[in-house]
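Okay, structure first, notes after.
The values are calculated or read from the model by the stated rules, or taken from the named source; none is laboratory data. Just so you know, these numbers come straight off a predicted model, no measurement behind them. Cβ atoms come from the backbone with ideal geometry, glycine included; neighbour counts cover every protein chain shown. Surface areas here come from the heavy atoms of the whole protein model, side chains and all, with no ligands, DNA or RNA. Shrake-Rupley method; radii C 1.70, N 1.55, O 1.52, S 1.80 Å.
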Amino acid sequence: MSLKTVLAPLLGDDADTAILNAARSIAAIHGAHIFVAHVHRDPRDVLVPQIGMGMSASMIETIVEQAENAAKEARAASLAAFDRWREANNLPVVEKPTETDGVTVSFETMVGEPATLVTRRARMVDVICVVAPADRESNDALAIAEAAILESGKATLVVPHDVTMPEITGIAIGWNASKEAAAAVAHAMPLLESADKVLVMSGTDDDLTKEQLGTFVDSLRWHGVKADAKAFDASSGSISGRLQAEAREVNAQLLVLGAYSHSRFRESIFGGVTDDILSAARIPVLMAH
């Protein structure tokens with residue numbers, strides 16, 4: 001079992017490099033192909049909010065021209081970042097499945113509503129790479145991250161802007177026995193099997209005992225995963241902060257976590273453990289819903 005396809009959606013901003021580097025790190029483990037996709041809206045979509053505002057033909061033409069130029073500049077920025085990254089890492093470009101060993105790459109452009117495009121494309125790969133949403137991100141970046149996590153049905157690798165993703169040898173799992181956590185572990189299994197060490201972290205209480213945690217660790221060991229467990233009191237402190245601190249303490253390069261296990265509704269999910277980690281991520285996180 002291996003991860004063989006990775007999607008890296010780019011918007012033509014300063015997050016592109018972080019996404020590309022994370023995609024390479026995850027792809028290098030099993031020699032995967034990276035689909036680099038620049039995503040931008042159809043310039044004509046900028047007219048939708050203006051309908052009914054009495055705009056003249058010349059004003060409409062100016063707005064469309066500005067949107068077209070912005071889209072061209074963003075695509076050029078993504079392509080330039082792709083070329084620099086590809087050349088620096090000596091990555092071959094291929095367009096179809098090949099027997100070539102090692103990481104391969106390709107570049108495509110997708111035009112339309114970004115979150116919808118990425119969601120549909122993501123369903124045909126093993127992992128999607130996005131940046132951790134932050135205040136400085138565009139609305140499209142945030143929408144892409146949410147859609148990838150909630151709607152793709154695949155694993156989403158969320159990386160902080162300022163954290164260079166190293167080779168993955170140690171992995172931490174945040175386990176709460178939810179179906180979302182089980183989905184994240186299932187998607188991450190190829191990585192877990194190849195890791196030198198795996199730490200399962202869990203906040204134990206009446207609903208999740210140390211004995212149940214031990215049963216889960218044994219389920220990983222049946223797959224040959226070098227797993228150990230660490231339990232902590234779930235009733236005290238910030239769980240998101242504790243998970244990241246424990247992961248860093250054991251020198252894990254990746255945290256595996258189920259996403260939004262309480263509700264699918266956006267109004268309900270923000271403010272939970274998942275959003276706490278996304279808004280203050282200091283370690284790459286592989287998530288699934």
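A few notes on this one:
- Enumeration of residues in region 153-173 that are farther than 13 Å from Lys226 by Cβ and open to solvent by 10 Å² or more (accessible area, probe 1.4 Å): Gly153, Lys154, His161, Asp162, Val163, Thr164, Met165, Pro166, Glu167, Ile168
- Under the condition of being open to solvent by less than 70 Å² (accessible area, probe 1.4 Å) and either within 22 Å of the chain's Cα centre (by Cα) or at positive phi (or both), the residues counted in region 83-112 number 15.
- Any chance Asp162 is among the charged types (D, E, K, R) and out of contact with any strand residue (DSSP E or B) (no Cβ under 7 Å at 6 or more places or on another chain): yes
- Condition check for Glu146: at pLDDT below 85 and either open to solvent by less than 40 Å² (accessible area, probe 1.4 Å) or part of a loop (DSSP other than H, G, I, E, B) (or both): no
- Condition check for Arg120 on (1) free of Cβ contacts under 8 Å to residues at least 40 places away in the same chain; (2) outside any strand (DSSP E or B); (3) open to solvent by less than 30 Å² (accessible area, probe 1.4 Å): one failure, at (3).
- Note on region 32-48: residues that are over 16 Å from Ala115 (Cα atoms), at pLDDT 95 or above and either open to solvent by less than 40 Å² (accessible area, probe 1.4 Å) or not hydrophobic (A, V, I, L, M, F, W, C) (or both) amount to 3.
- Odd one out for Asp206 among (1) out of contact with any Ser or Thr (no Cβ under 9 Å at 6 or more places or on another chain); (2) of a type in the set (Asp, Glu); (3) touching a residue at least 40 places away in the same chain (Cβ under 8 Å): (3)
- Failed item, numbered, when Glu68 is tested on (1) assigned to a helix (DSSP H, G or I); (2) closer than 28 Å to Asp45 by Cβ; (3) in contact with a strand residue (DSSP E or B) (Cβ under 9 Å, 6 or more places away or on another chain): (3)
- Glu99 touching a residue at least 60 places away in the same chain (Cβ under 8 Å) and of a type in the set (Asp, Glu): no
- Only residues that are at pLDDT below 90, within 18 Å of Ile128 (Cα to Cα) and among the aliphatic types (A, V, I, L, M) were counted in region 160-209, giving 2.
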